[in-house]
Each structure stands twice: as C-alpha cells, then as structure tokens.
Amino acid sequence: MPILAHTLRRTSPLGDARNCLLSALSACLLSGLLLLGGCAGLRPHEPTPELKRMAGQMLLVGFRGAEPAPDLPILGQIAALNLGGVILFDRDVALGSQDRNIESPAQLLRLTTALQTAAHAAGSPPLFIAVDQEGGRVQRLKAARGFAETPAAADLCPGGSPTPDLAPAFAAGETVGRTLAGVGINLDFAPVADVNVNPQNPVIGALGRSFSSDPQQAAACAGAFAQGLHANSVLTAAKHFPGHGSSTTDSHLGFTDVTATWTETELLPFRELTRAGLADMVMTAHVFDARLDPDYPATLSKKVIDGILRGRLGFAGVVVTDDLQMRAVAGRYGLKEAVRRIVNAGADVLLIGNNLDFDPDIAEKTLDALMELVAEGSVSPERIAQSCARIQKLKTKLPAPQRTLATQ
C-alpha cells in the first residue's frame, strides 16, 4: 500500500496539517490496525523519517546565543530536527549571566530573521518564536535594552468595579504585541489567566502576575490583553491551566500541591478565553490536585488535559506545557517517562527552556526519546500526528511574511 502522506517539506501550513493526519492514517493502514474507532491501541511501530519530522514540530526549545553566526548550533538543529519553535530569554539562569538571546531591538531582529531563514532553507514550516512578555516582573524585553515595558497585570485591572475598565489591559497588550512583532517574535506566553486566590503565592500573586482575584474580572482583563496581542498578529498562550493562582509553593522549585486550595472557579478565565478564540494555545501548570488526578500533576495528566480542557471546556487547539525543566516535573520524572505521560495526556508542544539547566543536545535527546517510545509501543504514531496537525493549523495564523518565507 503506498504511503498516503509526504514529508513536511515545501508545503503550506494547512497542507502540513492534512499531511500529519494522513501520515497517521497511513501508519494505521500499513500495520493493519484500522478499526471503526481509529488506530487500535498502543503497539510497537518502526519510527519513520516522516514521523520523526512530525515529532520535531512538537519541540519548542531554548538555546544560547544572541548573534546569528553561521556556526550557531540552534540553526543546524532547526534544519536537522525540524524543530517547531524556540523560546528566547534575556538572561542565562544556569550561568548566572545577564546575557542570553536578547541584547537590543536590532540584534533581536537579526536573530529571529536568521532563525526563520534556517527553517525556510530546510523546507520546514515557520517557527514559533516565543517569549514570556507579560509586563511588570515578567518581561524579557526590558527598557534597559531599548524595548517598551508595560505594567504588571495586577496594575492593569484594579479591583472594586463590577465593570472594569479594559482599556489599560488592551493598551498594554497592544504595546507588547507591537514590540514583539517588530523584532520577529510571533508567540507570547501570555496572558496569565490565573485567578489571584492567594495574594502571597510566590510565583503568581506576590509577583503581580494575575489580573484579579475575581474570576470574571481576570477573564475580561486577560481577554483584553490578548486582543491587544492579536491586533499585532502575535499569538497568545493562556496560562497556567487548570490554575496556579491558589498555590502556596513555586513549581519552578519543586512539587506543588493545590489539592486543598484550588477551586472550580479557577477554570472560568480559561473557559472564557478559549470560547472567545483569544487563547491560541493553553499552557499547562505543573500543579498537583488529587481531586482532579490522584496520580499526576496537570501537565502529565490525561484527566486534566483530555478530560477537562478538551472534554469539559471544548478546547480543540494547541496545548503547550510549562517548562519541563521546572523541578515539579524534572525533579520527579526522567525525561523519557515525562515525555511518555505528557504526550499521551494530550499535550502538543513540549516546552524545554534549556535555561534552568543547559544541555546543548536536549532537543535531539527529547526527540530520540519520543521515537524510542513509538518503537516500544508506548506512544502511537497517530497521537504524534494529532499534535502535528493542531500545530500546523495554528501556524496558518502566523503573519504572511513568515509563512511565505518558510514555505516557498
């Protein structure tokens, strides 16, 4: 039987999405496993070059380097691994250095142009080029380096009004969007949709990252910020699902249990943002709630991702993990085990900041682990193809010059 789909080379993003699904169907047919409900269960498959290229689109990784020299390793990795995206930082945590990827607007535009050119030269889809630019304490593009800064979410949406003024949140989102678009960044890991349940929360409330303690107000202000990003063709990622606002500990540092503090009301901003089309992605939190899943934190939980986010909330778009090097995951699971559970839980993009720890080969190691899982029968080709299709569908929203550059 002939292969039904080609590789991801030299096609449009929408065509890539169709190819992802056709490749999965092909894998099922070739294995004699096609049933009325789809592929029949998990069993070993020989990873194909096409499948490996699809899996490469699921990786969004960090790297070292600010100037796009020909020998910058990430440029070769984009081509060799068909990477789906990269994340940029202004400082290097592992080195304790203030130098990483971002120095000035002119330098950053050179870097992002080189990254997209590398994808184009390899015949790959355009990259997601991502950054955390929320405002306040969390913004990688800082005034000291020539960028426009915006206030923290908590200062954009003051409480006490049944009808909050959304203009400041929209204006901030618009400023961020214009700044990012101007330097070739197309994905902002924002807005924060967490409800400020615990003002002393060391990673959300205490940093002013939540828009409000009122779920409806948090949803409205996060939505306004997202609209500002969209006005400049920058994609959004609502975070951190199913809600990090009630935590008492920081998931960057270790196990974070919200069983006693999380409530259903924390889902409301995510529901509103996804239904309004204002969340291009939803980012999972590494929080554990025994009432939602007695075994695994949200990022690794099929009950949370497929059950709540996709099932109850009806979100059909791209799910991205929070950084897999955060200790709530990396401190409890090996890379291969984490990848197995995350992919089978329904996440589409594996975010590896490569900054809390640095490994120049982390992208290749993660891709190899995923292919080993396919060969062992622990992850199905169909599951990878589902994520690939969602990713390529979202990439049709990228600004036209980026789509043209990377698919000519």
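The values are calculated or read from the model by the stated rules, or taken from the named source; none is laboratory data. Values in this document were obtained by computation on a predicted structure and should not be read as measured data. Every residue, glycine as well, gets a Cβ built from its backbone with ideal geometry; the counts of neighbours run over all protein chains shown.
For segment 260-289, how many residues are in contact with a strand residue (DSSP E or B) (Cβ under 9 Å, 6 or more places away or on another chain) and in a loop (DSSP other than H, G, I, E, B)?
7
Check whether at least one residue in segment 242-253 is closer than 30 Å to THR113 by Cβ and not in a helix (DSSP H, G or I), and report yes or no.
Taking segment 242-253 first, the residues closer than 30 Å to THR113 by Cβ are none.
Scanning segment 242-253 turns up no residue that is closer than 30 Å to THR113 by Cβ and not in a helix (DSSP H, G or I).
Return yes when ALA290 is of a type in the set (A, V, I, L, M) and in contact with a Lys or Arg (Cβ under 8 Å, 6 or more places away or on another chain) and no when it is not. Spell out the reasoning first.
Details: of a type in the set (A, V, I, L, M): yes; in contact with a Lys or Arg (Cβ under 8 Å, 6 or more places away or on another chain): no.
Answer is no for this residue.
Restricted to segment 380-402, and to residues that are surrounded by fewer than 23 Cβ atoms within 10 Å (Cβ to Cβ) and over 19 Å from the mean Cα position of the chain (by Cα), which residue is modelled with the lowest pLDDT?
PRO401
Here is a list: ALA218, ALA143, ALA153. Which entry is touching an Asp or Glu at 6+ places or on another chain (Cβ under 7 Å) and surrounded by 21 or more Cβ atoms within 10 Å (Cβ to Cβ)?
Only one candidate qualifies: ALA153.
Scan segment 63-111 residue by residue and report those that are in a loop (DSSP other than H, G, I, E, B), among the charged types (D, E, K, R) and either more than 23 Å from THR321 (Cβ to Cβ) or touching a helix residue (DSSP H, G or I) at 6+ places or on another chain (Cβ under 6 Å) (or both).
Here is the first cut: in segment 63-111, the residues in a loop (DSSP other than H, G, I, E, B) are 63-72, 82-84, 88-91, 93-96, 98-104.
Applying the additional criterion that residues be among the charged types (D, E, K, R) yields 64, 67, 71, 90-91, 99-100, 103.
Within segment 63-111, GLU67, ASP71, ASP99, GLU103 qualify.
Show the residue pairs that are 6+ apart or on different chains and have beta-carbon atoms under 7 Å apart, the first residue being within segment 137-156 and in contact (Cβ under 8 Å) with a residue 40 or more places away in the chain and farther than 18 Å from ASP92 by Cα, the second being in a helix (DSSP H, G or I) and small (Gly, Ala, Ser).
From residues that are in contact (Cβ under 8 Å) with a residue 40 or more places away in the chain and farther than 18 Å from ASP92 by Cα, the pairs are LEU156/ALA169; LEU156/ALA172.
Consider segment 325-356. How many of its residues are of a type in the set (Val, Ile, Thr) and touching a Lys or Arg at 6+ places or on another chain (Cβ under 7 Å)? Please lay out each step first, then the result.
Within segment 325-356, the subset of a type in the set (Val, Ile, Thr) is 329, 339, 342-343, 349, 352.
So of that shortlist, the ones also touching a Lys or Arg at 6+ places or on another chain (Cβ under 7 Å) come out as 343.
Result for segment 325-356: 1.
Run down THR263, THR274 and say which single residue is surrounded by fewer than 24 Cβ atoms within 10 Å (Cβ to Cβ), touching a residue at least 24 places away in the same chain (Cβ under 8 Å) and more than 21 Å from ILE391 (Cβ to Cβ). Quick ask: steps written out before the conclusion?
Details: THR274 fails: more than 21 Å from ILE391 (Cβ to Cβ).
After ruling out the rest, the residue left standing is THR263.
Conditions (1) within 21 Å of VAL320 (Cα to Cα); (2) outside any loop (DSSP other than H, G, I, E, B), marked per residue:
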site	(1), (2)
THR150	no, no
ALA154	no, yes
ASN196	no, no
ALA219	yes, yes
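Tally time: how many residues in segment 204-217 are more than 16 Å from GLN139 (Cβ to Cβ), in contact with a helix residue (DSSP H, G or I) (Cβ under 8 Å, 6 or more places away or on another chain) and part of a loop (DSSP other than H, G, I, E, B)?
The qualifying residues number 1.
Evaluate segment 331-343: report whether one residue or more is within 16 Å of the chain's Cα centre (by Cα), of a type in the set (Val, Ile, Thr) and farther than 14 Å from ALA55 by Cα.
No, segment 331-343 contains no residue that is within 16 Å of the chain's Cα centre (by Cα), of a type in the set (Val, Ile, Thr) and farther than 14 Å from ALA55 by Cα.
Residues to consider are PHE189, PHE255, PHE225; find the one that is among the hydrophobic types (A, V, I, L, M, F, W, C), under 23 Å from ILE391 (Cβ atoms) and in contact (Cβ under 8 Å) with a residue 60 or more places away in the chain.
PHE189
Tell me which residues, restricted to segment 333-390, are out of contact with any Leu (no Cβ under 9 Å at 6 or more places or on another chain), of a type in the set (A, V, I, L, M, F, W, C) and assigned to a loop (DSSP other than H, G, I, E, B).
Within segment 333-390, just LEU356 meets the criteria.
So which pairs qualify, if the first residue must be in segment 375-389 and closer than 13 Å to GLN57 by Cβ, the second must be surrounded by fewer than 19 Cβ atoms within 10 Å (Cβ to Cβ), the Cβ gap must be under 7 Å, and the two must be at least 6 apart or on different chains?
Here the result reads ALA385/LEU21; ALA389/LEU21, each pair linking segment 375-389 to a residue that is surrounded by fewer than 19 Cβ atoms within 10 Å (Cβ to Cβ).
For residues that are more than 18 Å from the chain's Cα centre (by Cα), of a type outside the set (Ser, Thr, Tyr) and buried (at least 20 other Cβ atoms within 10 Å of the Cβ), tally how many sit in segment 177-189.
Counting residues in segment 177-189 that are more than 18 Å from the chain's Cα centre (by Cα), of a type outside the set (Ser, Thr, Tyr) and buried (at least 20 other Cβ atoms within 10 Å of the Cβ) gives 1.
Only one residue in LEU350, LEU356 is surrounded by fewer than 23 Cβ atoms within 10 Å (Cβ to Cβ) and either on the phi > 0 side of the Ramachandran plot or in contact (Cβ under 8 Å) with a residue 40 or more places away in the chain (or both). Which one?
Details: LEU350 fails: surrounded by fewer than 23 Cβ atoms within 10 Å (Cβ to Cβ).
None of the others qualify; the one that does is LEU356.
If a residue must be of a type in the set (A, V, I, L, M) and farther than 19 Å from PRO125 by Cβ, how many such residues does segment 353-391 contain?
So the first thing to find is which residues in segment 353-391 are of a type in the set (A, V, I, L, M), and the list is 356, 362-363, 367, 369-371, 373-375, 379, 384-385, 389, 391.
Filter once more, keeping what is farther than 19 Å from PRO125 by Cβ: 356, 362, 369, 371, 373-375, 379.
Qualifying residue count, segment 353-391: 8.
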